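None of the figures in this text is laboratory data; all of them are computed from the coordinates on show. Note that this is a predicted model, so its numbers are computed, not measured. Virtual Cβ from ideal backbone geometry, glycine too; neighbours counted across all protein chains shown.
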Amino acid sequence: MRMRVLLSKNIAETERCARQLLKTLAPQKGGATVLGLAGNLGAGKTAFAKCVAKLLGVRETVTSPTFVIMKTFKISSPDRRLSVARLPARQVGRWLHLIHVDAYRIEKPEELLRLGWREIVSDPRNLILLEWPERVREILPRGTQIVRFRFINETSRRIALPKKPMKLGS
C-alpha cells in the first residue's frame, strides 16, 4: 500500500500530519472509523492521538491508556481556535466519540472483546485510535486504516499516512 511519508520534528508538525489525515479520512459504512497507530515504544503514537483529539475539539487531557486499555472522549463542537475550521465541513460533526485504545498489554484479542469491542466498532459515531493494532489483528474491522510511526531520533519521527483505506499488513 502506498503511503504519504512525513517527517515530524516537533508537536506542531505532528499536528499538521494529524490534520492531513483527518482531511482525507473516509467514513466507514455501518461501523466506527478505526485508525491503527503502529510503531515501537516512543515512536509518537500517543502524541499523534493527542493532536487528533485537539483538532476534533476534545477538551479533556488525553494521556496514554496503557494501564486502563481504553478511554472514551466526547467530541465537542469544533473550537475554531484549534484550527478545526481548516477541516472540510464534512469532517466536522461526523463523530461523537473519540475512543483511544492501547493494546500493548493485551495478550489475546478476546481480552478486548470482553471490554465491548464489538459494540464500539459497530457504532458509526465512534472514531477509534488503536495503538498496537498488530496485537489484535484478528478482530480489526474491514476498512481499518494504519498510520505507521518510526522513531528517528530524540526530536524526529517518521509518520506514514495511508493514501487510501487499508488493512493491517497491507
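Can you list, largest first and rounded to whole Å, the semi-axes you get for the stretch 15-59 by taking the square root of 5 times each eigenvalue of its Cα gyration tensor?
Details: eigenvalues 71, 40, 20 Å².
Result for the stretch 15-59: semi-axes of 19, 14, 10 Å.
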Under-5 Å amide H pairs with I146, H placed in peptide plane, nonlocal only: G36, M166
Of all DSSP beta bridges having both residues in the stretch 3-162, the percent classed as antiparallel (nearest 5) is 50
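Stokes-Einstein diffusion coefficient for the stretch 3-162 at 25 °C in a medium of 0.890 mPa s, Rh from the Kirkwood formula over Cα pairs: what value in µm²/s?
Values: Rh = 15.7 Å.
It comes out at roughly 157 µm²/s.
If we count other beta carbons within 10 Å of each Cβ, what is the order of E15, E60, E154, fewest first? Intermediate values should be presented prior to the final figure.
On the way: E15 20, E60 12, E154 6.
So the ranking, lowest neighbour count to highest, is E154, E60, E15.
Sorted by average packing, counted as other Cβ atoms within 10 angstrom per residue and highest first, what order do 5-13, 94-102, 118-126 take? Before the final figure, lay out each step's value.
Numbers: 5-13: 13.9, 94-102: 20.6, 118-126: 15.4.
The peptides rank, most packed first, as 94-102, 118-126, 5-13.
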Simple spin-label estimate for R125/I106, 7 Å along Cα→Cβ, in nm, reads 2.3
